[in-house]
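Reviewing the structure listed below.
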Amino acid sequence: MHIKLMGAIVFCALLLFALNSNLTAETPIVWGDLSPGQYAVGFKTFEKFDHSRTFQPKTDYFGEKIEGIRARPVQACLWYPAAAQDDEMSMNYGEYMFAYPEDDRLFNILSAIQNREIQMLFSRVRDQNIMLTISNTLFAAVRDAQPAEGKFPLVIYHPDIGGIYCNNAVLCEFLASHGYAVLSASPLGMKSVNVDEDHASLEFQARDKEFAWTLVKDQEFIDFDRLALVGANSGGLMALEMQMRNTDVDAMVSIEGWLTQADKAEFCKNSPFLDPIRMHKPFLHISIGPQEELDYSLFESLKYSDRTLIHWADLPGDGFVHYPMFTLLMSDEIKTMTASVREAHEDICELVLAFLNENIKDESSAQDTFAQLASNVPSAEIKSFTAQELPPTPNQFIRIVESKGVDKALEIFQKFHELEPERVFFQERRLNLLGYQALNRGQVEDAIKLFKMNTAAYPSSCNTWDSLSDGYMAANDTENAIKCMKKVLETIPIDTVNDDQLKAQLKEKCERMLNELQG
């Protein structure tokens with residue numbers, strides 16, 4: 001059934017089937033058949049203004065000063081494993097939609113985010129009484145609960161671009177009960193709560209998550225050496241962009257993300273932060289909807305990552321959020337009608353947990369658990385792709401030359417250059433400098449090897465051929481030096497890298513040297 005058309009059906013009976021007030025925090029109805037872990041769930045917020053970015057203008061249209069803080073407000077929302085306390089009251093969904101701030105100066109912006117979420121829900125429900133029932137639905141988390149003993153991996157959750165941080169609170173609570181700290185923040189536009197679907201808005205949201213990460217750095221129960229990213233819908237692209245700029249990330253999950261949606265493929269590929277060589281960590285992508293609406297080219301480009309692709313063909317591709325789980329409060333007829341969507345949500349939560357256990361916690365049985373779960377998912381297609389060997393980055397390559405020697409660097413270059421001749425393995429001028437440094441140390445053979453690598457990587461640069469000719473001259477190899485000088489003259493007309501002044505200097509030098517050497 002199409003989720004966007006399911007609004008009234010999903011929520012029409014909620015008022016008649018409200019939650020029992022005796023529910024325990026560990027097993028809320030909205031969790032369905034998900035089995036809680038060994039921990040209770042705690043929830044905290046951390047607020048701060050990012051003064052490196054403005055959110056409000058200094059003056060209004062008439063030039064009159066606007067009072068108040070102009071810096072960008074960020075509220076970090078954290079689920080975490082907590083010590084069980086029977087006398088604590090669990091949160092309801094209304095408390096999630098308005099996570100009351102410790103800093104009252106964020107009250108207005110959080111109220112605006114809450115209103116945005118209520119409007120979205122009301123567009124589906126169109127009944128104030130049902131909205132009240134949704135707000136009163138109990139979840140598992142206890143606000144400011146005592147953290148459990150131990151240190152727990154961190155998961156940063158990226159919600160959909162126009163959603164709210166808690167639109168997958170079921171997943172976040174579920175992970176926390178199994179020993180993960182889960183951090184998120186609500187999407188904000190550049191200057192208001194209204195978010196545009198453009199790269200600038202995604203960049204601001206990524207920076208908000210990074211800023212939120214700094215707000216929880218003093219939480220002693222978080223193990224910051226174990227970090228995973230989870231993104232839902234457009235959040236999948238935001239998570240991928242964060243992974244490509246944060247080398248501490250150990251694993252990533254994208255759920256029904258933009259990464260494989262045909263109508264979003266070009267937008268994702270045009271991200272200024274997208275570079276497949278930076279993605280080389282285990283990656284689980286879950287896609288939903290008809291195959292003809294999907295484009296896997298971006299997913300396939302991430303070839304340096306061990307990837308698992310799980311696809312549900314018979315489920316609607318309208319976004320991964322926990323709202324279908326509220327149908328568990330309805331009549332048997334409604335629950336049966338929406339069972340496939342709800343069961344898929346539970347399957348996805350369990351798969352994400354098993355994937356993280358395998359790649360973050362490194363549990364001895366986790367791999368079999370994930371493989372078993374994936375193979376038993378009904379109506380789903382599962383594919384696994386083994387990562388290609390990762391070539392070094394330009395900076396890594398230079399460090400290989402300096403620490404492991406020229407021969408090791410040459411071996412690595414030849415292997416990867418044959419596979420990907422267009423890839424930039426090093427900057428021309430940087431390797432050229434290393435070559436001349438080797439010449440100055442009297443390491444002529446090493447210098448020639450470095451210069452030859454440069455000509456292989458930049459065959460249209462007249463400067464690389466000139467440097468190689470210098471290397472051969474230092475080795476008293478006049479024959480090869482002459483060949484390189486002639487190559488300099490051949491490449492000058494097609495060289496688009498070096499400036500005209502340098503090309504003129506090299507032309508004069510090589511013509512003069514050729515006249516001297518050839519008589």
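Bear in mind these aren't lab numbers, they're just calculated from the coordinates by the rules spelled out. If you're wondering where the values come from, they're calculated on a predicted model, not measured in any experiment. Counting neighbours? That spans all protein chains shown, and the Cβs are built from the backbone with ideal geometry, glycine included.
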Any aspartates and glutamates whose Cα falls less than 13 Å from that of K509, other than same-chain ones fewer than 8 residues away, would be D466, D470
Just to confirm the filter: which GluC sites (Glu not before Pro) across the range 385-434 are DSSP coil and have at most 15 other Cβ within 10 angstrom of their Cβ? E389, E422
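With both partners inside the chain, how many of the DSSP beta bridges are antiparallel, as a percent to the nearest 5?
Bridges in the chain that DSSP calls antiparallel: roughly 50 percent.
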Percent of C-alpha pairs per 10 Å bin, the range 394-518, short to long: 14, 44, 34, 8, 0
Which ³J(HN,Hα) values, rounded to whole Hz and listed in residue order, are derived for the range 426-436 from phi using the Karplus coefficients 6.51, -1.76 and 1.60 in 6.51 cos²θ - 1.76 cosθ + 1.60 with θ = phi - 60°, glycine and proline given as x? 6, 7, 3, 5, 5, 5, 4, 4, 4, x, 5
Would any residue of the range 62-79 have its amide N under 16 Å from a label point 7 Å out along Cα→Cβ of D218? List them or say none. 76
Which ordering of Y472, Y80 is given by a fewest-first count of other beta-carbon atoms within 10 Å? Y472, Y80
Most positive-pole-ward Cα, S186, L171, G150, against dipole of the range 136-221 from beta carbon charges: G150
Residue-averaged [θ]222 nm for the chain, counting only DSSP H segments that reach four residues, each worth -39500 (n - 2.57): -12500 deg cm²/dmol
Structure-derived log10 I(q)/I(0) by the Debye sum over Cα atoms at q = 0.09, 0.12 Å⁻¹: which label, when the choices are [x] -0.65, -1.19; [y] -0.73, -1.07; [z] -0.98, -1.18: [y]
Positive end of the dipole of the chain, charges at C-beta (+1 Lys, Arg; -1 Asp, Glu), about the Cα centre: which of G235, L106, F416 has its Cα farthest in that direction? F416
Cα centroid separation, the range 29-58 to the range 202-265 (Å): 14 Å
Coil-residue trypsin sites (Lys or Arg not before Pro) of the range 398-428, DSSP, other Cβ within 10 Å capped at 13: R423
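Mind checking the dipole of the chain: about its Cα centre, +1 per Lys or Arg Cβ, -1 per Asp or Glu Cβ, Debye to the nearest 20?
Rounded to the nearest 20 debye, it is 1360 debye.
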Given L309, A84, F299, which one lies farthest toward the positive end of the charge dipole of the chain, if we put +1 on the Cβ of every Lys and Arg and -1 on the Cβ of every Asp and Glu? F299
Set the Förster distance to 22 Å, then compute FRET efficiency between D275 and Q427 from the Cβ-Cβ distance, nearest 0.05. 0.90
Size of electric dipole in the range 394-518: Cβ of Lys, Arg +1 and of Asp, Glu -1, about Cα centre, debye, nearest 20: 260 debye
Could you tell me how far the Cα centroid of the range 428-446 sits from the Cα centroid of the range 131-194, in Å? 54 Å
Karplus 3J(HN,Hα) series, Hz, for the range 398-415 with 6.51 cos²θ - 1.76 cosθ + 1.60 (x for Gly, Pro): 4, 5, 5, 4, 6, 9, 9, x, 5, 4, 5, 5, 5, 4, 5, 4, 4, 5
Scattering from the C-alpha atoms of the range 203-296 alone, worked out with Debye: what is log10 I(q)/I(0) at q = 0.15 1/Å? -0.60
